[in-house]
Amino acid sequence: MAALAYTLGKREINYYFSVRSAKALALGAVLLLTACHAASRRYRGDDSCEYLLSSGRFLGEKVWQPHSCMMHKYKNSEAKNCLVDKHIVFLGDSRIRQLFYSFIKIINPQVKEEGNKHGNIPFEDKSASIKVDFLWYPEVNGSMRQRIKSWTEGSVAKPHIIVAGAATWSIKIHNGSNEALTQYKINITAIAPLLEKLAKSSDVYWVLQDPVYEDMLSESRKMITNEKIDAYNEAAVRILNSSSRNSKAKVKVFSVSKLIAQETIMKSSDGLHLPESSRDTNAMILMNVYCNKIMKPIDGSCCQPQPPLTLIQKLAFCFFTLSIIGYLIISLIHRNNYRKNKSCTDLEMGEEKKPAINTPNVSTLEMLLHSFCKLGLIMTYFYLCDRANLFMKENKFYTHSSFFIPIVYILVLGVFYTENTKETKVLNREQTDEWKGWMQLVILIYHISGASTFLPVYMHIRVLVAAYLFQTGYGHFSYFWIKGDFGVYRVCQVLFRLNFLVVVLCIVMDRPYQFYYFVPLVTVWFMIIYATLATWPQIVQKKANGNCLWHFGLLLKLICLLACIYFLSYSQGAFEKVFSFWPLSKCFELNGNVYEWWFRWKLDRYVVFHGMLFAFIYLALQKRQMISEGKGDALFSNRVSNVLLFISIVSFMTYSIWASSCKNKTECNELHPSVSVVQILAFILIRNIPGYVRSVYSSFFAWFGKISLELFICQYHIWLAADTKGILVLIPGYPMFNVIVSTFIFVCVAHEISQITNDLAQIMVPKDNSTLLKRLLCIAGFFFGLLLFSAMQDQSRH
């Protein structure tokens, strides 16, 4: 009864919620969200700097998240590059002095807080010609006005950045009197026009006063209440805003410090001054406000303007626009022809006659344009998500619950959709799709939760990536060994399906090919597998069955391959020379060199070889009927199966214990290429030795496995944000609901792209050799043009 209810429940879900209806719902959601965000930007403005300076929240205890954008954590080298030949002045009281020290520690972390607390403090970095000064002006008075006025006069060099603020001393000295507040208003009114004048050529920030923790204040500071501070802040904001209302140059009000202080002031040592972590956050916000537009960090979307369209992006936009127009024209023509030639009744015979229309060429063209039409709309969504400043972005923040709770959810769903397999062979198609599916879902959760900061999780994810490559070696070796098909058609089909989406994204998102590192990795390994098996002598299963010596010949080939891998992994210079030749360098360079490509290749250098070797051994055992793959049968005899199962479980757990005890990522990465195969083989044996386990699979995981490549690539821009550094925010203020909606759209888009790729592969890679050759010449011409335009772009940028 329970099994019947279980089956009926799945049928009900599948009946009422098909893939087609899901995609229609996703399209509606995208259109609605795009309209809402566009209207919000138009109404509230699209200056993310204002959000950075005025709003945000804490993720955990120490990570500050600005509203709607991402904040970059600047290293001292980046700070020096940004502030080279700059003069920065901090003007104010002891709180501004704290901000000054936090700011210069970004430039030079070795700086100590020394010097006269109630005096001026200079700082200079001669290597970058950076000068930062703290000027002691604890009150907004005539002295401060005179100093600011001196900068407005032509004979004195103006600072590039001015950070000012004061009020607590006025409250303290005058015992919180109303007369002091009145005088403060008069003085800041006199200073405001001078600050506006400076703002025309410099960046000027007025820091509002942070709240205090009244219970911790000393007796001499008891008059500094939050009520008084609020009154002073309201006066400063009102005067500065009214003064700059009619001016293009605007003094930026630094009010976000108040929000930070509200959460952290109770950790203050004296109730007045902020704890060090909060001061550091304020300093980093200042650095982001000024430097993001100069340095353009990927994970610093605050204060960054939308990047201009490149020549290649403009051409891509024109191509997709023409495809949409072409498809609409052909659709209208077909509709009109259908109406004109609608089947009519034969008067003599009384039968319906259907018009004879020659459609094959038209249908192919229509299918091509239809695919590019859909792809163009999808790429527009990609661009809006991760290049245009339409949707919001946020930084990642890791907690154990954000990673492990979703893992439990998908595990439950995977078990719910368990079904019987069509075949019970080791690593059958349904099982490998299931394997790819659950691994991909775990990797997605790993990325969105920011779990890379937790080393045990990182090491296990590295095994999952290695397992994908293991399947690459296993799958392609098995195909070539069994089929013996080394034709151009097979190679082109595989290369097209692997690379089509990435090539389009390189064009639309203006990113290098190596940026999507996994696709270059599997592409190169496929070509290595092909070259290993296709070169003379071609050894396939049919030939080897006639003479066992061919098995030794194949093993010799594999040993040669292993020797080449070993040599390249320990000879970085030779590896870089191979991939530094043009045009390979255009494909594998990232940030001007191929080091990243070498690192990625080296990290899993042996696992593809392990996959090929496993396939060879398994197929040899299968041919000699040394394993039992019947439904419900154990793979080996009971004793052998039990021993292997025990060894596999122990090996699996041993690896997990080792990975969980890792202390250093560099050292663990060095061992990973040699030991990752242990857990992969252990999993394969655990999954396949018991007959029942081998006879079932999760259709839920298998569904995702069929689109695993598209999921991996699409996550870069329409699920994560800022090239995977952050999280896309479609629905601000509701993190859980946002993840649900963005995930739903993301999965629908990935599935549609998978279908588009399959449709285009049939058109672009035909089976007829002469037609295929023509297409290859066209594709070669396309890439030549792409390289030419890319060179022109690079020249114009330099």
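The values are calculated or read from the model by the stated rules, or taken from the named source; none is laboratory data. In this text the structure is predicted, and so the values were computed from the model without any measurement. Because the Cβ atoms are built from the backbone with ideal geometry, glycine has one as well, and the counts that use them run over all protein chains shown. Just so you know, the surface numbers come from the protein's heavy atoms only, side chains and all, with ligands and any DNA or RNA stripped out. Shrake-Rupley method; radii C 1.70, N 1.55, O 1.52, S 1.80 Å.
Scanning residues 5 or more positions from Tyr517 or on other chains, none has an amide H under 5 Å from its amide H, with H placed 1.01 Å from N in the peptide plane. Per-peptide packing, taken as the mean over residues of other Cβ atoms within 10 Å, places 762-768, 457-463, 310-316 in the sequence 457-463, 310-316, 762-768 from highest down. Between the residues Phe552, Tyr101, Ala79, the greatest Cα displacement towards the positive end of the dipole of the chain, with unit charges on the Cβ of Lys, Arg, Asp and Glu, is found for Phe552. The ellipsoid that matches the Cα gyration tensor of the chain has semi-axes, each √(5λ) in whole angstrom, of 58, 33, 27, with the longest given first. The label point for Gln755 and the one for Glu419, both projected 7 Å from the Cα toward the Cβ, are 1.8 nm apart.
Straightening the chain between Arg387 and Ser269 buys 38.1 nm, computed as 0.36 nm per residue apart minus the Cα-Cα spacing. Applying a threshold of 31 Å to the alpha-carbon distances of Lys314/Lys586; Lys131/Lys314; Lys436/Lys767 flags Lys131/Lys314 as lying beyond it.
Computed about its Cα centre, the charge dipole of segment 45-93 is approximately 300 debye, with only Lys, Arg, Asp and Glu carrying charge at their Cβ. For a straight C-alpha distance cut-off of 20 angstrom, the lysines reachable from Lys393 (same-chain residues fewer than eight places away being disregarded) are Lys62, Lys73, Lys293, Lys296, Lys725. Counting 0.36 nm for each residue step from Lys200 to Ser21 and taking away their Cα separation leaves a gain of 59.0 nm.
Remark: the chain carries a charge dipole of roughly 1140 debye about the Cα centre, counting +1 on each Lys and Arg Cβ and -1 on each Asp and Glu Cβ.
Find which of Val749, Val693, Val491 sits farthest along the positive direction of the dipole of the chain, computed with +1 on the beta-carbon of Lys and Arg, -1 on that of Asp and Glu, about the Cα centre. The one lying farthest along the dipole's positive direction is Val491. For segment 612-684, the solvent-accessible area of protein heavy atoms averages 57 Å² per residue (probe radius 1.4 Å; ligands and nucleic acids excluded). Neighbours of Asp93, meaning other residues whose beta-carbon lies under 11 angstrom from its beta-carbon, give a summed charge of +3 when Lys and Arg score +1 and Asp and Glu score -1. Checking the Cα-Cα distances for Lys126/Lys158; Lys112/Lys252; Lys543/Lys631; Lys80/Lys197 against a 22 Å cut-off, the pairs over it are Lys112/Lys252; Lys543/Lys631; Lys80/Lys197. Span-like helix check, the chain: qualifying full DSSP H segments, with Cα axial length of 18 Å or more and mean Kyte-Doolittle of 1.6 or more, are 400-416, 488-508, 518-534, 549-569. Surface analysis of segment 192-333 yields an accessible area of 47 Å² per residue, using protein heavy atoms and a 1.4 Å probe.
Partner lysines whose Cα lies under 16 Å from the Cα of Lys23, excluding those fewer than 8 positions away in the same chain, are identified as Lys374. Calculated mean residue ellipticity at 222 nm for the chain: -21500 deg cm²/dmol, from DSSP H runs with n ≥ 4 weighted as -39500 (n - 2.57), summed, divided by the residue count and rounded to 500. Among all the aspartates and glutamates, which ones have a C-alpha under 12 Å from Lys250's C-alpha, if same-chain residues fewer than 8 places away are not counted? Counting by Cα, and skipping residues close in sequence, Lys250 has these aspartates and glutamates nearby: Glu50, Glu196, Asp203.
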